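Reading through the structure tokens given below for one structure.
The values are calculated or read from the model by the stated rules, or taken from the named source; none is laboratory data. A quick note: this is a predicted structure, and the numbers were derived from the prediction, not measured. Every residue, glycine as well, gets a Cβ built from its backbone with ideal geometry; the counts of neighbours run over all protein chains shown. These accessible areas exclude ligands, DNA and RNA; they are computed on the full protein's heavy atoms, side chains included. Shrake-Rupley method; radii C 1.70, N 1.55, O 1.52, S 1.80 Å.
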Amino acid sequence: MERRFRVRLDELLEDAEVPPGLLRGVLPRLEAFLEPFVASLTRAEQRLNARHYVQGLLSDLGGKNAEAIAYLHDQERQALQKFLGQSPWDHDPLLDELADQVGRELGEPDGILVFDPSGFPKKGSASVGVGRQWCGRLGKVDNCQVAVYLGYASRQEHALVDVRLYLPKDWANDKKRRHKAGVPKPVRFRTRHQLALEMLDQRGPLLPHAWVAGDDEMGRCSWFRQELRKRGECYLLAVPSNTQVRDLAAPLPPGPGRGRPRRARFVGVGDWAAARAAAAWQTVAVRDGEKGPVLVQGAWTLVQARSEGRVSEVAELLVVFREQQEDGSWRHDYLLANAPLTTPLAVFARVFKAEHKIEECLQRAKGQAGLADYQVRTWEGWHHHQALALVATWFLTQEARRGKNTDARADRAAGAAAERGHPQPCPGLPPGGAPPPHREPLAEAQRGGSLLPLEAAQPLAAAAL
């Protein structure tokens with residue numbers, strides 16, 4: 001090789017994000033990685049098609065649909081299309097295996113479950129669940145499908161674990177469309193919050209966690225927060241800026257002298273934040289950036305919340321984070337929590353940023369594993385593609401972790417099939433894997449037990465603030 005080419009090659013290798021040697025043996029690792037996932041498929045042809053499909057999702061194809069992937073493997077497209085859209089294999093065991101692996105390999109006692117709805121723009125009306133609804137990808141109401149994803153975040157890494165397709169009411173009640181799209185008869189209309197709770201009940205025991213997080217679409221629903229409290233879950237959920245709260249730590253306005261004491265009025269969370277003095281904001285680091293730690297400021301208080309016309313019957317923590325933008329303005333995020341009053345603000349910041357990590361997972365899945373590239377219309381086809389795309393994304397996560405760990409032992413564990421032992425409980429956790437309940441009075445009253453009266457919450461708030 002000529003010297004000028006050697007010099008240029010060395011420069012390219014120095015700039016490479018992934019060292020070339022890291023890719024050696026990637027196909028054998030992928031084969032070993034897929035082994036426990038395809039084990040639930042009963043026919044050899046199905047197992048082969050699943051392998052080919054995941055390989056295609058991980059390839060450099062421009063459009064990663066069944067037809068393109070079939071041609072990549074020099075196959076007829078009908079067989080792979082039938083496997084994806086018509087073959088009645090169950091995708092659920094693949095997601096069971098995925099949750100089991102994520103829980104064992106990334107699990108920490110204070111891990112975070114994150115629920116994140118995501119939209120897929122679509123044309124026409126035949127694709128299952130498609131309709132005019134809010135599409136976060138486009139930032140507007142448009143024709144799309146919407147799915148709710150469950151992600152897991154710990155200090156180790158973050159990964160997508162499960163998914164549910166949202167079936168709008170007009171779809172759920174339309175027998176003709178249901179039949180054409182192959183929607184199973186037992187499937188009924190479920191809100192996005194109900195779908196999230198289904199995933200929590202099914203996959204939560206496999207994922208050691210102490211927190212549940214989500215965006216303002218998840219947090220705005222008081223019923224959803226109530227259901228999390230019934231399950232003993234500790235949550236930090238974003239809420240819209242128009243959410244109304246009554247500050248239980250604020251001084252009571254003077255009353256007429258007799259009768260019931262007056263209470264603080266409800267105000268918008270934005271107005272509450274705007275009224276905070278500079279000294280009320282604490283600065284915390286949320287992560288390391290290219291130019292140093294990324295800092296945010298936070299403030300909190302104990303409130304009674306009113307959202308979607310409902311007034312909460314329990315006291316919750318309002319946590320507000322603000323981050324200064326390049327133009328000097330502040331971006332605010334508003335969240336409600338049922339955590340103990342003694343929870344450090346830095347802990348809230350870590351949980352808050354977990355949602356952004358799951359958004360990164362979705363971007364990785366859509367950009368590198370073909371999550372949004374499907375061309376299927378049926379219920380089975382959609383779920384088959386989603387399950388295989390989540391598996392492919394988990395393989396990418398494993399390879400990225402392997403790149404960060406140069407220990408040779410990482411090669412032996414990268415396939416996730418090396419050790420198939422039963423997961424052990426995390427230290428300090430009960431046998432079921434759930435985090436131990438908080439013992440502070442406020443949290444103990446809210447986490448599945450009798451609710452803390454609002455009158456009793458005010459003295460606690462005054463003492464803590």
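Per 5 Å bin, what percent of the C-alpha pairs of region 70-226 does each bin hold, from zero upward?
2, 8, 15, 17, 18, 17, 13, 8, 3, 1, 0
Would you kindly find the accessible area of D216, with a 1.4 Å probe and non-protein molecules such as ligands, DNA and RNA excluded, rounding to the nearest 10 Å²?
Here the accessible area works out near 60 Å².
Report P(r) for region 159-314: all Cα-Cα distances, bin width 5 Å, range 0 to the bin holding the largest distance, values in whole percent.
So the P(r) values, bin by bin, are 1, 7, 12, 14, 14, 14, 13, 9, 6, 5, 3, 1, 0, 0.
Which far-off residues, 5 or more places away or on another chain, put their amide H under 5 Å from the one on V294, with H placed in the peptide plane?
V286, R287, D288, G289
With θ taken as phi - 60° and the coefficients 6.51, -1.76 and 1.60, list the Karplus ³J(HN,Hα) couplings across region 46-60 in order, rounded to whole Hz; mark glycine and proline as x.
Each residue's phi maps through the Karplus curve to give 5, 5, 5, 5, 5, 4, 5, 5, 5, 4, x, 5, 8, 7, 9 Hz.
Points 7 angstrom from Cα along the Cβ direction at Q133 and A275: gap in nanometres?
Placing both labels 7 Å along Cα→Cβ, they lie 3.8 nm apart.
Figure the gain on full extension for D142 and E323 (residue separation times 0.36 nm, minus the Cα-Cα span) and round it to one decimal in nm.
Length gained between D142 and E323: 62.1 nm.
Fully extended, how many nm does the chain gain between N242 and D90 (0.36 nm per residue separation, minus their Cα-Cα distance)?
Length gained, N242 through D90: 50.5 nm.
When all protein chains stay in place, what accessible area (Å², nearest 10, 1.4 Å probe) is found for L34?
Rounded to the nearest 10, the figure is 0 Å².
Name the long-range amide H neighbours of D162: under 5 Å, sequence gap of 5 or more, or other chain; modelled H, no Pro or chain starts.
The list, which skips near neighbours in sequence, is L150.
Report the calculated FRET efficiency for A39 and T283 (r = Cβ-Cβ distance, R0 = 45 Å), to the nearest 0.05.
0.35
At 1.567 mPa s and 4 °C, plugging the Kirkwood radius over alpha-carbon pairs of region 280-382 into Stokes-Einstein gives what diffusion coefficient in µm²/s?
78 µm²/s
Report, please, the projected area of region 124-213 averaged over directions, based on the convex hull of its C-alpha atoms, in nm².
Approximately 7.1 nm², given one-decimal rounding.
Find, among the chymotrypsin sites (Phe, Trp or Tyr not before Pro) in region 146-204, those assigned to loop by DSSP (not H, G, I, E, B) with at most 14 other beta-carbon atoms within 10 angstrom.
Answer in residue order: F189.
For each pair in K122/K357; K64/K122; K122/K176; K123/K353; K64/K185; K123/K169, compute the distance between the two Cα atoms and list the pairs where it is over 28 Å.
With Cα atoms farther than 28 Å apart: K123/K353; K64/K185.
Through the Karplus equation 6.51 cos²θ - 1.76 cosθ + 1.60, θ set to phi - 60°, convert the phi angles of region 224-239 into ³J(HN,Hα) values in whole Hz; use x for Gly and Pro.
5, 5, 5, 5, 5, 5, 4, 8, x, 8, 9, 10, 9, 10, 5, 10
If you take every residue apart from C135 with its C-beta less than 10 Å away from the C-beta of C135, what net charge results, scoring Lys and Arg +1 and Asp and Glu -1?
Summing Lys/Arg as +1 and Asp/Glu as -1 gives +3.
Starting from the Kirkwood radius over alpha-carbon pairs of region 18-90, derive D by Stokes-Einstein at 10 °C in a medium of 1.306 mPa s and give it in µm² s⁻¹.
Diffusion coefficient, whole number: 121 µm²/s.
Would you mind calculating the gained length between K169 and E308 on full extension (0.36 nm times residue separation, minus the Cα-Cα distance), in nm to one decimal?
Taking K169 through E308 to full extension adds about 48.1 nm, to one decimal.
Counting other C-beta atoms within 10 Å, and keeping those with at most 16, which DSSP coil GluC sites (Glu not before Pro) do you find in region 278-342?
Answer by residue number: E290, E308, E313, E326.
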